[in-house]
Amino acid sequence: MKSVARAVHAMAATRSARLVRKETVERASTVESEMSPVSVTSGGTFLLVRAKPGAATNSICEIASDHVSVAIAAPPVDGKANAEIVKFVASVLGVKKYDVALVAGAASKTKTLKVEGLSRDEVLTRLQDAL
C-alpha cells in the first residue's frame, strides 16, 4: 500500500515539474527582445504597474523598463486604490473600465493588469502620451 502511495506521489511530482517547465518556456518565448512593462501572451496583453497610493492627483509618474509607476489619489484602504488604478489606467488608455482588470497584486504595490482590445504597441504609445 505504501509503495502505491509513493508511486502516485512520484508521478504527481514529475507532472508538476513538467508543468512548471512548460510554463517557463511559454513565458520565455513571449519575452520581447527589449524589456517592457507590457507583455503579450496567449492570454492577452498585460501591464505591470507599481502603485503609489495617497498622491495629490492621479498621474503616470514613470515608464521604467519593467513597470509603470502610477500615482493614485485614493488611499490603500478596502481596495479603493485598486479600483482607482483600474479606472485611471482605463481612462489613460482610452478603453472602457471593464476592459482593464486587476489580475494579480491586490494587496501589493506591484500589480498586474490585463488590458483587452489593445496591442502592446498601442498600450505603450498611449502611456507615453500620458507622461
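Residue by residue through the stretch 101-117, note down the ones that are part of a loop (DSSP other than H, G, I, E, B), on the phi < 0 side of the Ramachandran plot and without any contact (Cβ under 8 Å) to a residue 40 or more places away in the chain.
Within the stretch 101-117, the subset part of a loop (DSSP other than H, G, I, E, B) is 105-109, 116-117.
Filter once more, so that each one left must be on the phi < 0 side of the Ramachandran plot: 106-109, 116.
Residues satisfying the conditions are A106, A107, S108.
When the stretch 83-124 is filtered for residues that are buried (at least 20 other Cβ atoms within 10 Å of the Cβ) and of a type outside the set (A, V, I, L, M), the ones remaining, listed by number, are F88, K111. Of the residues making up the stretch 58-70, those that are surrounded by 19 or more Cβ atoms within 10 Å (Cβ to Cβ) and touching a Cys at 6+ places or on another chain (Cβ under 9 Å) number 2. When restricted to residues that are open to solvent by less than 40 Å² (accessible area, probe 1.4 Å) and either in contact with a Cys (Cβ under 6 Å, 6 or more places away or on another chain) or without any contact (Cβ under 8 Å) to a residue 60 or more places away in the chain (or both), the stretch 38-57 contains 1.
The values are calculated or read from the model by the stated rules, or taken from the named source; none is laboratory data. Small disclaimer: the values here were computed from a predicted structure and weren't measured. All Cβ positions, glycine included, derive from the backbone under ideal geometry; neighbour counts span all protein chains shown. Accessible surface areas use protein heavy atoms only, side chains included; no ligands, DNA or RNA. Shrake-Rupley method; radii C 1.70, N 1.55, O 1.52, S 1.80 Å.
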